[in-house]
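Before any comments, here is the structure.
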Amino acid sequence: MSDDRNSSSSVILSFILGGLTGAALAILFAPRSGEETRELLGEKLKEGADRGRQWRDRTVARGREAIEDASDYVEGKRESLEKRRDRLAAAVEAGRQAFRDEKDKM
């Protein structure tokens, strides 16, 4: 099983390295001037940074929603358990009182 994971990781790593090498070669041999290439790269980097910030903001918002939902769920379960505990305590006390009443009758 770990061999499958290692070979999958190797394939993925090779694919990523190949993609990066191809991108670097494409930039080096592009039919643009250095200034145009730098401007293009700068724009792409800014776009990537903006997308990254948007993704981060969406992910943080989803995380907060998940935490809030989990908190609400836990609070509801806590309240339900408290009600059950109270009912059980009342039933136990009623049982004790019934036992005392029967004991007093004897």
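The values are calculated or read from the model by the stated rules, or taken from the named source; none is laboratory data. From a predicted model like this one, the values you see are computed outputs, not experimental measurements. Cβ atoms come from the backbone with ideal geometry, glycine included; neighbour counts cover every protein chain shown.
Here are some notes:
- Filter pass, residue 16 being among the β-branched types (Val, Ile, Thr) and at pLDDT 85 or above: yes
- Failed criterion for residue 37 (all others in (1) modelled with pLDDT of 90 or more; (2) touching a helix residue (DSSP H, G or I) at 6+ places or on another chain (Cβ under 7 Å) hold): (1)
- With respect to the conditions (1) at pLDDT below 85; (2) of a type in the set (A, V, I, L, M); (3) surrounded by 10 or more Cβ atoms within 10 Å (Cβ to Cβ), residue 60 falls short on a single one, namely (1).
- Complete set of residues in segment 17-35 that are assigned to a helix (DSSP H, G or I) and loosely packed, with under 10 Cβ neighbours inside 10 Å: 26, 28, 34, 35
- On inspection, residue 93 fails the criterion of being surrounded by 10 or more Cβ atoms within 10 Å (Cβ to Cβ) and at pLDDT 95 or above.
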